Amino acid sequence: MSQLKKKLFEKIEEWRPRTTRLLKDYGDVKLGDVTISQAIGGMRGVKCLTTDISYLDPFEGIRFRGLTIPETLAKLPKVPGSEMPYVEGFFFLLLTGDIPTDEEVNEVAEEFNNRKKVPAYVFNILRAMPADSHPMTMLSAAIVAMQKESVFVEKYNEGINKMDYWDPTYEDALNLLARLPEVGAFIYRLKYKGGEIIAPDPKLDMGGNFAHMMGIGKPYDDLSRLYFILHSDHESGNVSAHAGHLVSSALSDIYYSISAMVNGLAGPLHGLANQEVLRWLQEVYEKKGGKIPTEEEMKEFVWETLNSGQVIPGFGHAVLRKTDPRYMAQREFCLQHLPNDPLFKYVDLLYKVVPPILVEQGKAKNPWPNVDAQSGVIQWYYGLTEYDYYTVLFGIGRALGVCANIIWDRALGYPIERPKSLTTAMLEEIAGIK
Ligand code: CMX
């Protein structure tokens, strides 16, 4: 058994009595009340999910296993010759709550390497899809196509004990995570580079190998590591994480669950916002006849977008009430690597222009930029101008967090999810409306 799996098992054994005790002795303790606006309005703020992988404070932003983004990046072992940590080591942290030693990181990186062979039928399926399929549709299809590989299904059919469900789920998760970079890079090269596929390099770590298969030189490897880490998890109520958790709660395996996660991420109010930012900016650019707009002109476009009943992509958040630290981490990368890039300056102008306008409009509870406002700029700078593809990168990252959550859901025996619905007439009756 690998050190990661052994450590995970020890943690699970240690953790289970805490969940059992809460349920048995404190199950009736209230976490809050649900209002009519929460029942109609997307359950905003309802405290009804549990995860220990990450926590999102509205004013501080995300913490992964208790660590802020700068702490996470500083503490994890770095890939030799790189500024960024191993994504594999980050997954170790998400899963166990511990910073891995160099030896543990090397072992988990090797394990990812040993599992990364993508079945040939996946490539055939992708090749057979219509050329104008969206990359997220292709990613989702590739993942669900691999469902027949599920170790969980095999063990379930053999009658495995409920207490052991986490084990084959772990196997499925590692197999899938190890393969996602190649699937993602294949989609990119098939769709946008005339099908000239670059074979994986078995010596490279996850981020390095992804950059290699995309055909983009340094520091794109570090950017990929940063990108996958930043997008991995945002506690469990966001659409993609919740979709993954919900589907897996029916004991659907990792492949079904992560495909569902990808489908949720593909919405423009969620992960697709990163492509929408670039699409919107390009529209503005074209309207200006290929000139970068001035601050005043930018303000006009923001108002035009709002007045036509659309949202400003990359701004606002359901939980955050400050600038997203994931945005700031990417901005720092831009300041270090592409400070004079015109598109970066253009997006930076939005940071100045949009928040006061959203405040003036008085609707958005959070006028500040989120993770998606900055990510496309960096990709564009390194030659990835096909912005339809950007959410695939988000999806590869998000799978790390959702897989870690699903393994723990199984370990702690979280049941099938089934909240209760009421009718509008019932709400009216409860509200005292005649
Ligand atoms: N531009 C214009 N209006 C916005 C806005 C924005 N960026 N953000 C919020 N609003 C509006 C909402 O549409 C809503 O309007 P209505 O009352 O007419 O329905 C009102 O402000 C209140 O919304 P809210 O409570 O502040 O925000 P929600 O929790 O409902 O929604 C989010 C959150 C992210 C969907 C929303 O801010 C938005 O649409 N942002 C733009 C899309 C985006 O960047 N999404 C990516 C988020 C990060 C991620 O998940 O990847």
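The values are calculated or read from the model by the stated rules, or taken from the named source; none is laboratory data. This one's a predicted model, so the numbers in the text were calculated from it and none came from an experiment. Cβ placement follows ideal geometry from the backbone for every residue including glycine, while neighbour counts extend to all protein chains displayed. Only protein heavy atoms, including side chains, enter the accessible area calculation; ligands, DNA and RNA are left aside. Shrake-Rupley method; radii C 1.70, N 1.55, O 1.52, S 1.80 Å.
Looking at Asn307, Asn263 in this structure, which one is within 11 Å of the ligand (Cβ to nearest atom), open to solvent by 30 Å² or more (accessible area, probe 1.4 Å) and either over 30 Å from Pro77 (Cα atoms) or at pLDDT 95 or above (or both)?
Asn307
Within the range 369-383, which residues are within 12 Å of the ligand (Cβ to nearest atom), more than 13 Å from Thr323 (Cβ to Cβ) and at pLDDT 95 or above?
Within the range 369-383, no residue meets the criteria.
Can you tell me which residue within the range 370-414, out of those that are assigned to a loop (DSSP other than H, G, I, E, B) and touching a Ser or Thr at 6+ places or on another chain (Cβ under 7 Å), is nearest to Gly271 (Cα to Cα)?
Ranking the candidates gives Tyr414 first.
Please indicate, with yes or no, whether at least one residue in the range 349-368 is more than 13 Å from the ligand (Cβ to nearest atom), farther than 21 Å from Phe59 by Cα, out of contact with any His (no Cβ under 7 Å at 6 or more places or on another chain) and in the same structural domain as Val311 (by TED's automatic domain parsing).
Scanning the range 349-368, I find at least one residue that is more than 13 Å from the ligand (Cβ to nearest atom), farther than 21 Å from Phe59 by Cα, out of contact with any His (no Cβ under 7 Å at 6 or more places or on another chain) and in the same structural domain as Val311 (by TED's automatic domain parsing), so the answer is yes.
Could you tell me whether Arg321 is more than 8 Å from the ligand (Cβ to nearest atom), surrounded by fewer than 19 Cβ atoms within 10 Å (Cβ to Cβ) and not assigned by TED's automatic domain parsing to the domain that holds Phe210?
yes
So, of the residues in the range 31-63 that are open to solvent by 90 Å² or more (accessible area, probe 1.4 Å), hydrophobic (A, V, I, L, M, F, W, C) and under 24 Å from the mean Cα position of the chain (by Cα), which turns out to be farthest from the ligand (Cβ to nearest atom)?
For the range 31-63, the residue satisfying everything is Phe59.
Going by the conditions given, is Leu190 among the hydrophobic types (A, V, I, L, M, F, W, C), over 19 Å from the mean Cα position of the chain (by Cα) and within 30 Å of Pro219 (Cα to Cα)?
Yes, satisfied.
So Pro356 fits all but one of (1) crowded, with 16+ Cβ neighbours inside 10 Å; (2) at pLDDT 95 or above; what number is the exception?
Going through (1) crowded, with 16+ Cβ neighbours inside 10 Å; (2) at pLDDT 95 or above one by one, Pro356 breaks only (1).
Please identify the pairs in which a residue from the range 22-43 that is in contact (Cβ under 8 Å) with a residue 40 or more places away in the chain and on the phi < 0 side of the Ramachandran plot has its Cβ atom under 7 Å from the Cβ atom of a residue that is more than 16 Å from the ligand (Cβ to nearest atom) and small (Gly, Ala, Ser), counting only partners at least 6 apart or on another chain.
Ile36/Ala431
Tally time: how many residues in the range 100-128 are of a type in the set (A, V, I, L, M, F, W, C) and open to solvent by less than 20 Å² (accessible area, probe 1.4 Å)?
7
So which pairs qualify, if the first residue must be in the range 218-244 and away from the ligand (no atom under 15 Å from the Cβ), the second must be hydroxyl-bearing (Ser, Thr, Tyr), the Cβ gap must be under 6 Å, and the two must be at least 6 apart or on different chains?
Listed pairs, sorted by first residue: Tyr220/Tyr382; Asp222/Ser82.
Select from the range 270-297 the residues that are free of Cβ contacts under 8 Å to residues at least 60 places away in the same chain and either in the same structural domain as Lys148 (by TED's automatic domain parsing) or in contact with a Ser or Thr (Cβ under 8 Å, 6 or more places away or on another chain) (or both) and list them in ascending order.
His270, Trp280
Of the residues in the range 390-420, how many are farther than 30 Å from Arg16 by Cα and not assigned by TED's automatic domain parsing to the domain that holds Lys193?
Of the residues in that region, 0 qualify.
Hey, does the range 404-422 have a residue that's more than 30 Å from Ile254 (Cα to Cα), free of Cβ contacts under 8 Å to residues at least 60 places away in the same chain and more than 17 Å from the chain's Cα centre (by Cα)?
no
Can you spot a residue in the range 196-204 that is open to solvent by less than 20 Å² (accessible area, probe 1.4 Å) and not polar (S, T, N, Q)?
No, the range 196-204 contains no residue that is open to solvent by less than 20 Å² (accessible area, probe 1.4 Å) and not polar (S, T, N, Q).
Hey, can you tell me all the residues within the range 274-295 that are in a helix (DSSP H, G or I), open to solvent by 40 Å² or more (accessible area, probe 1.4 Å) and in contact with a helix residue (DSSP H, G or I) (Cβ under 9 Å, 6 or more places away or on another chain)?
Of everything in the range 274-295, those that are in a helix (DSSP H, G or I), open to solvent by 40 Å² or more (accessible area, probe 1.4 Å) and in contact with a helix residue (DSSP H, G or I) (Cβ under 9 Å, 6 or more places away or on another chain) turn out to be Arg279, Gln282, Glu283, Tyr285, Lys287, Glu295.
Anything in the range 72-109 that is of a type in the set (Asp, Glu) and closer than 23 Å to Tyr220 by Cβ? List them, or say none.
Result: Glu83, Glu88.
With the structure loaded, tell me whether Gly97 is within 21 Å of the chain's Cα centre (by Cα) and open to solvent by 20 Å² or more (accessible area, probe 1.4 Å) or whether it fails that test.
It is true that Gly97 is within 21 Å of the chain's Cα centre (by Cα) and open to solvent by 20 Å² or more (accessible area, probe 1.4 Å).
Within the set of pairs 6 or more residues apart or between chains, which connect a residue that is open to solvent by less than 10 Å² (accessible area, probe 1.4 Å) inside the range 149-174 to a residue that is hydroxyl-bearing (Ser, Thr, Tyr) with Cβ atoms less than 6 Å apart?
What qualifies is Ser150/Tyr255; Phe152/Thr169; Asp172/Ser150.
How many residues are hydrophobic (A, V, I, L, M, F, W, C) and closer than 22 Å to Arg179 by Cβ if we restrict to the range 252-288?
Qualifying residue count, the range 252-288: 7.
How many residues, within the range 129-142, are farther than 12 Å from Lys191 by Cα and open to solvent by 70 Å² or more (accessible area, probe 1.4 Å)?
Count: 1.
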